[in-house]
């Protein structure tokens with residue numbers, strides 16, 4: 001027999017797994033707590049990989065829906081909830097990338113600012129972001145995923161290995177090759193864009 005919501009740990013201090021078990025028991029507060037905790041990082045990752053906020057939001061929503069579906073069968077101690085979510089999200093992002101060609105998001109270009117200095121700063125930052133995103137988009141999918149998880153999401157190689165279902169050595173290889181390719185793509189533009197492309 002399932003426990004009722006009143007017995008579920010739904011505060012922000014509860015472990016992810018405990019919250020997910022509570023979700024499986026019908027605790028809406030636990031679901032809201034998990035959404036607040038997981039969504040920002042998942043959305044940041046999906047947005048960076050897909051380059052499209054709307055698609056990223058859809059990918060995150062699909063990931064969380066899958067999480068809710070498996071919640072009743074979740075057993076604490078078998079896996080980290082965040083790792084499971086990243087693994088599913090990576091697959092969703094990969095599927096979406098394969099289903100479309102990269103496109104320039106015109107809506108992402110800001111309107112001109114009245115303050116010229118501010119406008120220059122905005123355009124410079126946009127140029128940096130577009131250059132990095134374009135360079136990332138040109139990488140092979142698995143290199144891009146590994147690089148984003150390692151250097152943007154700042155996950156450990158062991159976590160990335162779990163998410164991508166590969167060895168730590170394979171993660172290290174993907175990251176190293178991705179960094180070399182990224183440095184090559186941005187070579188000659190480091191000073192202009194403010195990027196360090198020396199392989200660090």
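Mind listing whichever residues of segment 167-190 are out of contact with any helix residue (DSSP H, G or I) (no Cβ under 8 Å at 6 or more places or on another chain) and part of a loop (DSSP other than H, G, I, E, B)? If the condition is that a residue be out of contact with any helix residue (DSSP H, G or I) (no Cβ under 8 Å at 6 or more places or on another chain) and part of a loop (DSSP other than H, G, I, E, B), then 187, 188 are the ones that fit. Of everything in segment 20-34 that is over 21 Å from the mean Cα position of the chain (by Cα) and part of a helix (DSSP H, G or I), the residue that is surrounded by the fewest Cβ atoms within 10 Å (Cβ to Cβ) is 28.
Among the residues of segment 162-176, those identified as surrounded by fewer than 21 Cβ atoms within 10 Å (Cβ to Cβ) and under 20 Å from residue 41 (Cα atoms) are 162, 164, 165, 175. Screening segment 44-161 for helices (runs of 4 or more DSSP H) wholly inside it with 2 or more residues that are closer than 21 Å to residue 177 by Cβ and at pLDDT below 80 returns the ranges 81-98, 116-137. Does residue 37 satisfy the condition of being surrounded by 12 or more Cβ atoms within 10 Å (Cβ to Cβ), under 19 Å from residue 148 (Cα atoms), outside the structural domain of residue 137 (by TED's automatic domain parsing) and modelled with pLDDT of 75 or more? Considered against the rule, which asks whether it is surrounded by 12 or more Cβ atoms within 10 Å (Cβ to Cβ), under 19 Å from residue 148 (Cα atoms), outside the structural domain of residue 137 (by TED's automatic domain parsing) and modelled with pLDDT of 75 or more, residue 37 comes out as no.
The values are calculated or read from the model by the stated rules, or taken from the named source; none is laboratory data. On a predicted model such as this, the values are computed, not experimentally measured, just so you know. As a convention, Cβ positions derive from the backbone with ideal geometry for all residues, glycine included, and neighbour counts pool all protein chains shown.
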